[in-house]
Amino acid sequence: MDLFEYQGKQYFARYGIPVSPGGVADTIDEAVSQAEAAGYPVVVKAQVQVGGRGKAGGIKLANDAGEVRLHAGNILGMDIKGHVVKRLWVEHASDIAEEYYASFTLDRSAKQHLLMMSARGGVDIEQVAAEEPEAIVRLHVDPVDGLSAETARQACEQANLNPVAISGATDMLLKLYECYVKGDCDLAEINPLILTPDGRVHALDAKVSLDGNAEFRHPEWEEYKATEELDEREQLARSKGLQYIGLEGDVGIIANGAGLAMSTLDVVNQVGGRAANFLDIGGGASADVMAAALEVINFDKSVKAILINIFGGITKGTEVANGIVEALGRVEVKSPIVIRLDGTLADEGRAIIQPHLSDRLQFQPTMLDAARKAVALANA
């Protein structure tokens with residue numbers, strides 16, 4: 001679950017991370033009230049979950065109430081890369097001496113947390129990573145040992161931060177790590193992390209993604225769901241209880257298990273295709289679940305082929321097969337389907353589907369073969 005900037009800053013504040021005083025506004029009058037509470041000058045910021053707000057005119061400096069009214073009126077309702085601005089964050093403007101970058105996320109391949117630190121903050125970090133990879137310090141943190149002050153300081157020094165900022169940035173990293181771990185984040189990022197002219201280190205922005213698997217530990221997350229931005233596909237999937245993330249490709253993915261679903265996305269990419277979604281049906285492949293999954297995939301007009309990748313463990317291949325056959329009788333699927341079915345009772349499951357096979361419904365023996373065929377059908 002991705003948080004808006006203002007929610008991320010509120011989350012940071014729980015862990016002692018210094019953020020700018022400010023408040024949320026849904027109207028022009030509320031923006032003026034928040035500006036007066038924060039103290040001029042202020043920054044009026046569009047709250048959308050997409051980058052490039054500043055370039056689009058969604059971040060403006062205001063020195064008085066008149067300027068707040070002008071900027072708030074222009075920003076509310078603005079379309080930024082398909083996201084309509086419905087809410088503002090108005091905060092006290094900060095004097096900036098230098099801008100840095102800091103984040104924690106999970107490096108799945110290393111099975112460790114990953115700390116990233118750079119003196120090149122305030123810009124597109126992906127561009128920095130591509131053009132100047134040496135400008136980003138990457139240090140792994142063992143989840144068992146945690147982050148030590150020595151490692152945090154090492155990251156700041158290796159990133160060549162201003163010596164004046166080292167102590168404050170070290171403390172910031174320790175607090176950000178606590179937020180990342182105890183707050184059950186998939187990503188906790190500050191860009192920019194600023195050094196003020198008087199030597200303070202301060203979080204000027206916040207990007208936080210929460211790990212949905214930890215939701216049971218955080219009843220307070222329920223408030224975030226009410227403001228979560230979902231496209232129509234994701235809204236439909238959520239209404240049907242499916243784990244779904246919309247992407248921008250043309251190969252629809254249905255798999256059982258998050259790991260298998262992610263692997264399927266990777267394989268589709270490796271053979272030259274692009275996945276239209278991540279969809280994990282979990283351990284259940286009943287007719288109801290499969291029909292719901294196909295309905296969601298079918299709703300996406302960009303999908304040109306569907307790849308169903310099932311490995312039966314506890315889930316039996318016969319249950320999957322019966323679910324697929326019955327679901328196809330309920331949903332008029334617009335795209336050809338490629339199925340890879342393996343694992344428990346897979347042979348029996350394939351036998352159930354066999355009479356229904358055609359040019360638009362076919363088996364492939366391996367995940368790689370299935371991905372290649374689905375991509376070929378999408379490109380046909």
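Trypsin sites (Lys or Arg not before Pro) within the range 81-110: which are DSSP loop residues with at most 12 other Cβ atoms inside 10 Å? Don't jump to the answer; show the numbers that get you there.
Working: sites: 81, 86, 87, 108; in loops: 81, 86, 87, 108.
Those satisfying the criteria are 81, 108.
Gap in Å between the Cα centre of the range 152-196 and the Cα centre of the range 197-216?
First find each Cα centre; the distance between them is then 10 Å.
For the range 120-176, what is the accessible area per residue in Å², given a 1.4 Å probe and the full set of protein chains? Intermediate values should be presented prior to the final figure.
Working: 3110 Å² over 57 residues.
With the other protein chains kept in place, the range 120-176 gives 55 Å² per residue.
Could you tally the net charge around residue 379, taking each other residue with its Cβ under 15 Å from the Cβ of residue 379, Lys/Arg +1 and Asp/Glu -1?
Numbers: positive: 274, 304, 372, 373; negative: 250.
Value of the local net charge: +3.
Given an 8 Å cut-off on Cα distances and at least 6 residues of separation, report the relative contact order of the range 191-230 as a percent.
Details: 22 pairs, mean separation 10.0, N = 40.
Here the relative contact order equals 25 percent.
If you plug each phi of the range 179-191 into the Karplus form 6.51 cos²θ - 1.76 cosθ + 1.60 with θ = phi - 60°, what whole-Hz ³J(HN,Hα) values come out, in order, with x for Gly and Pro?
Along the range 179-191, the couplings run 4, 4, 7, 5, x, 6, 9, 7, 8, 10, 10, 10, 8 Hz.
State, as an integer percentage, the relative contact order of the range 311-376 based on alpha-carbon contacts under 8 Å between residues 6 or more apart. Walk me through the intermediate numbers first.
Details: 81 pairs, mean separation 26.5, N = 66.
Relative CO of the range 311-376 lands at 40 percent.
Counting each DSSP H run of 4 or more residues in the chain as -39500 (n - 2.57), what helix-only mean residue ellipticity at 222 nm follows after dividing by all residues, to the nearest 500 deg cm²/dmol? Before the final figure, lay out each step's value.
Values: 13 runs with 142 residues, N = 380.
The helix-only estimate for the chain comes to -11500 deg cm²/dmol at 222 nm.
Quick one: grab the alpha carbon gyration tensor of the range 112-258, order the square roots of its eigenvalues as a ≥ b ≥ c, and give me rounded if a/c is under 1.5, else prolate or oblate depending on whether a/b is larger than b/c. Can you show the working numbers first?
Values: a/c = 2.10, a/b = 1.81, b/c = 1.16.
It is prolate, given that a/c is not under 1.5 and a/b is the larger ratio.
For residue 81, give me every one of the lysines with a C-alpha distance below 25 angstrom, ignoring sequence neighbours fewer than eight places off in its own chain.
9, 45, 55, 60, 207, 225, 301, 304
When Lys and Arg each count +1 and Asp and Glu each count -1, what net charge do the other residues less than 14 Å away from residue 263, Cβ to Cβ, add up to?
Values: positive: 108, 340; negative: 266, 280, 342.
Around residue 263, the charge tally is -1.
How big is the Kirkwood radius of the chain, worked out from every pair of different alpha carbons and given in Å to one decimal? Don't skip to the answer; put the middle values down first.
Details: mean 1/r = 0.0433 Å⁻¹.
Kirkwood radius, the chain: 23.1 Å.
Relative contact order for the chain: what is it in percent, counting Cα pairs under 8 Å that are at least 6 residues apart?
On the way: 788 pairs, mean separation 46.7, N = 380.
For the chain, the relative contact order is 12 percent.
Would you mind working out the accessible area per residue for the range 335-380, using a 1.4 Å probe, and quoting it in Å²? Let's see the in-between values first.
Numbers: 2330 Å² over 46 residues.
Result: 51 Å² of accessible area for each residue.
Cβ neighbours within 10 Å, averaged per peptide: list 109-117, 38-46 in order, most packed at the top. Before the final figure, lay out each step's value.
On the way: 109-117: 16.1, 38-46: 21.1.
My ranking of the peptides, most packed first, is 38-46, 109-117.
Can you return the aspartates and glutamates within cross-link range of residue 182? Criterion is Cα-Cα under 17 Å, with same-chain partners fewer than 8 residues away left out.
Filter leaves 2, 142, 145, 171, 211, 215, 220.
Spelling out what I want: for every residue of the range 138-154, take phi, set θ = phi - 60°, compute 6.51 cos²θ - 1.76 cosθ + 1.60 (Karplus), and round to whole Hz; glycine and proline get x.
Each residue's phi maps through the Karplus curve to give 10, 10, 7, 10, 5, x, 6, 7, x, 8, 8, 4, 5, 5, 4, 5, 4 Hz.
With a sphere of radius 13 Å drawn around the Cβ of residue 211, what net charge do the other residues whose Cβ falls strictly inside it have (Lys, Arg +1; Asp, Glu -1)? Could you put the intermediate results ahead of the total?
On the way: positive: 108, 182, 217; negative: 2, 184, 186, 215.
With Lys, Arg at +1 and Asp, Glu at -1, the neighbours total -1.
Quick one: check the C-alpha center-to-center distance for the range 338-358 versus the range 20-45, whole angstrom.
Computed from Cα coordinates, the inter-centre distance equals 60 Å.
The values are calculated or read from the model by the stated rules, or taken from the named source; none is laboratory data. If you're wondering where the values come from, they're calculated on a predicted model, not measured in any experiment. As a convention, Cβ positions derive from the backbone with ideal geometry for all residues, glycine included, and neighbour counts pool all protein chains shown. Note: areas computed on protein heavy atoms with side chains; ligands, DNA, RNA excluded. Shrake-Rupley method; radii C 1.70, N 1.55, O 1.52, S 1.80 Å.
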